[in-house]
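Note sheet for the following structure.
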Amino acid sequence: MSSTFTPIAALGEFGLIDRMKERLAGIPRSENLIEGIGDDAAVYRAGDGVLHVVTTDVLIEGVHFDRSFIPMSFLGWKAISVNVSDVVAMNAKPLYATVSAGMPRNFSVEMMDGLYDGMAEACKAYGMELVGGDTSTAHALYLSITVIGEVREQDVVFRRGARVGDYLCVSGDVGGAFAGLKVLLDQREQLQNLGEAYEPELDAFQYVIQRQLRPRARLDIIKALREKGVRPTSMIDISDGLASEVHHIARRSEVGATVRIPAVPFDPETRAVADQFLDEVDAYALFGGEDYELLFTVDPKDVPTIDDLEGVSVIGTMEEVSKGVRAYSPDTGLMPLHPAGYRHFEGPGDLPESGLDLDDLDLSGDGA
Ligand code: ADP
Ligand code: MG
């Protein structure tokens with residue numbers, strides 16, 4: 001055994017994944033494997049003209065969520081949704097899920113009920129089934145979910161398909177989930193500073209809190225695109241932040257990109273939160289993660305159709321690779337766009353307890 005100890009932080013999350021890929025390079029590759037490590041989901045041939053996609057995402061207490069912030073039913077919903085989001089990012093339909101649950105000793109049967117009610121609700125909303133899993137004791141609540149989806153061979157969309165001249169589009173609005181997190185963290189701090197007498201003000205921020213605690217995967221958007229006859233040339237879901245995902249599409253497609261900042265959509269409530277914290281709302285929209293919206297490129301011929309589609313905004317264009325990834329605003333002109341975004345092993349430490357009571361809030365939103 002080697003006596004060298006290199007901390008994994010030295011590689012960072014993406015460097016680490018590249019390194020893992022290198023270690024696996026010796027495994028003979030099946031001729032049915034179409035896409036392995038490197039996209040939102042792996043893709044393999046399941047039958048004549050039919051592809052399956054498979055993705056796994058983990059949610060760990062103290063890393064991805066704070067148990068005192070999020071009602072268990074929302075956590076169950078979110079755990080399914082973040083996986084479905086990766087399936088949808090391949091332009092595929094989710095079919096089956098399995099779940100591995102690690103539960104600490106202070107977890108109750110009632111909490112487990114809430115968790116599974118939330119997962120059941122999400123499965124119904126996305127038209128899929130939960131077919132198995134594994135159960136274990138753990139030091140902190142841990143959920144690892146795998147989802148398998150299906151797509152016709154001619155419909156699959158990768159991160160790597162963008163071409164120079166394509167238009168860059170985003171669904172819904174961005175920055176809301178980050179604004180929701182800011183509100184939750186701030187209210188917790190107030191509660192800790194001012195004690196029990198403090199009444200947390202959450203009602204005015206229902207939309208952004210919902211964006212943080214109960215995101216929905218945009219299965220509706222890929223359905224709408226298909227109905228309109230638009231097949232994106234590339235696609236990714238926004239988990240780490242819009243800027244970071246533009247970089248992923250650009251790198252995998254070997255093109256550059258220009259994002260028009262004034263075209264990036266955000267909700268008025270997101271702006272209100274940014275204003276309250278004296279932050280730039282554009283920073284929330286570009287770098288805040290966890291919106292689970294879709295970022296995709298389309299051929300110029302599809303732009304008129306996209307313009308007619310509710311819930312999709314054209315936010316930029318794809319350029320020659322030599323131009324790099326840039327942002328344009330009338331104030332600053334063209335500037336390089338830093339990927340930023342959340343990186344495991346580089347982010348802040350564990351989240352402390354909140355003491356916020358969210359049970360009375362109606363955050364169920366408008367479903368999937
Ligand atoms: P996403 O944000 O869409 O879930 P990630 O950034 O987590 O994507 O992962 C990027 C790629 O790396 C995916 O193809 C994923 O399957 C792969 N990957 C991530 N972690 C591992 C791992 N521990 N071992 C092998 N592949 C991994
Ligand atoms: Mg993804």
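The values are calculated or read from the model by the stated rules, or taken from the named source; none is laboratory data. Since we're looking at a predicted model, the values are computed, not measured. Note that each Cβ is placed from the backbone with ideal geometry, even for glycine, and that neighbours are counted across all protein chains shown.
Restricting attention to segment 12-30 and to residues that are small (Gly, Ala, Ser) and part of a helix (DSSP H, G or I), the residue that is modelled with the highest pLDDT turns out to be Gly15.
Look at (1) within 16 Å of ligand 1 (Cβ to nearest atom); (2) touching an Asp or Glu at 6+ places or on another chain (Cβ under 7 Å); (3) farther than 15 Å from Ile315 by Cα and you find that Ser171 fails only one, number (3). Annotation: of all residues in segment 48-85 being within 14 Å of ligand 2 (Cβ to nearest atom) and polar (S, T, N, Q), the one that is nearest to Asp134 (Cα to Cα) is Thr56. Considered as a group, the residues in segment 309-325 that are under 13 Å from Ile249 (Cα atoms) and in contact with a Pro (Cβ under 8 Å, 6 or more places away or on another chain) include one that is surrounded by the most Cβ atoms within 10 Å (Cβ to Cβ), and that residue is Val325. The residues of segment 260-272 that are β-branched (Val, Ile, Thr) and farther than 15 Å from Asp291 by Cβ amount to a single one, Ile261. Would you pick out the residues in segment 78-109 that are among the hydrophobic types (A, V, I, L, M, F, W, C) and closer than 17 Å to Asp237 by Cα? Hits for segment 78-109 are Ala79, Ile80, Val82, Val84, Val87, Val88, Ala89, Met90, Ala92. The residue that is surrounded by the fewest Cβ atoms within 10 Å (Cβ to Cβ), counting only those in segment 238-297 that are touching a residue at least 24 places away in the same chain (Cβ under 8 Å) and of a type in the set (S, T, N, Q), is Thr258.
None of Val54, Val82, Val63 is part of a loop (DSSP other than H, G, I, E, B) and either in contact with a Lys or Arg (Cβ under 6 Å, 6 or more places away or on another chain) or farther than 25 Å from Lys228 by Cα (or both) except Val63.
Given the structure, is Val54 of a type outside the set (Phe, Trp, Tyr), modelled with pLDDT of 95 or more and surrounded by 22 or more Cβ atoms within 10 Å (Cβ to Cβ)?
no
Select from segment 8-30 the residues that are in contact with a strand residue (DSSP E or B) (Cβ under 8 Å, 6 or more places away or on another chain) and over 18 Å from His247 (Cα atoms) and list them in ascending order. If the condition is that a residue be in contact with a strand residue (DSSP E or B) (Cβ under 8 Å, 6 or more places away or on another chain) and over 18 Å from His247 (Cα atoms), then Met20, Lys21, Leu24, Ser30 are the ones that fit.
Per the conditions (1) part of a strand (DSSP E or B); (2) closer than 24 Å to Leu295 by Cβ, the sole criterion not satisfied by Gly102 is (2).
Okay, residues lined up against (1) within 11 Å of ligand 1 (Cβ to nearest atom); (2) at positive phi; (3) free of Cβ contacts under 8 Å to residues at least 24 places away in the same chain; (4) not assigned by TED's automatic domain parsing to the domain that holds Phe296:
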residue	(1), (2), (3), (4)
Thr6	no, no, yes, yes
Glu13	yes, no, no, yes
Ile37	yes, no, yes, yes
Asp40	yes, no, no, yes
Tyr44	no, no, yes, yes
Leu51	no, no, no, yes
Thr56	yes, no, no, yes
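Taken together, the criteria exclude Val63 from residues that are in contact with a strand residue (DSSP E or B) (Cβ under 9 Å, 6 or more places away or on another chain) and in the same structural domain as Gly102 (by TED's automatic domain parsing). Number of residues in segment 34-47 that are at pLDDT 95 or above and either part of a strand (DSSP E or B) or more than 16 Å from ligand 2 (Cβ to nearest atom) (or both): the value is 9. Kindly check whether there is at least one residue in segment 201-209 that is within 30 Å of Thr297 (Cβ to Cβ), in contact (Cβ under 8 Å) with a residue 60 or more places away in the chain and not β-branched (Val, Ile, Thr). For segment 201-209, residues within 30 Å of Thr297 (Cβ to Cβ), in contact (Cβ under 8 Å) with a residue 60 or more places away in the chain and not β-branched (Val, Ile, Thr): present. Across segment 86-94, not a single residue is classified as under 15 Å from the mean Cα position of the chain (by Cα) and more than 16 Å from ligand 2 (Cβ to nearest atom).
Each row is one residue, and each column tells you yes or no for (1) in the same structural domain as Ala92 (by TED's automatic domain parsing); (2) part of a helix (DSSP H, G or I); (3) within 16 Å of ligand 1 (Cβ to nearest atom).
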{"site": "Val208", "(1), (2), (3)": "no, yes, no"}
{"site": "Ile222", "(1), (2), (3)": "no, yes, yes"}
{"site": "Val230", "(1), (2), (3)": "no, no, no"}
{"site": "Thr258", "(1), (2), (3)": "no, no, no"}
{"site": "Thr270", "(1), (2), (3)": "no, yes, no"}
{"site": "Leu278", "(1), (2), (3)": "no, no, no"}
{"site": "Leu286", "(1), (2), (3)": "no, yes, no"}
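Sort out which residues of segment 69-104 are more than 27 Å from Tyr44 (Cα to Cα) and either in contact with a strand residue (DSSP E or B) (Cβ under 7 Å, 6 or more places away or on another chain) or within 14 Å of ligand 1 (Cβ to nearest atom) (or both), and write them in order of number. Those that are more than 27 Å from Tyr44 (Cα to Cα) and either in contact with a strand residue (DSSP E or B) (Cβ under 7 Å, 6 or more places away or on another chain) or within 14 Å of ligand 1 (Cβ to nearest atom) (or both): Leu75, Gly102, Met103.
Could you say which residue among Val170, Val131, Val164, Val147 is of a type in the set (Val, Ile, Thr), part of a strand (DSSP E or B) and surrounded by fewer than 23 Cβ atoms within 10 Å (Cβ to Cβ)? Residue meeting the stated conditions: Val131.
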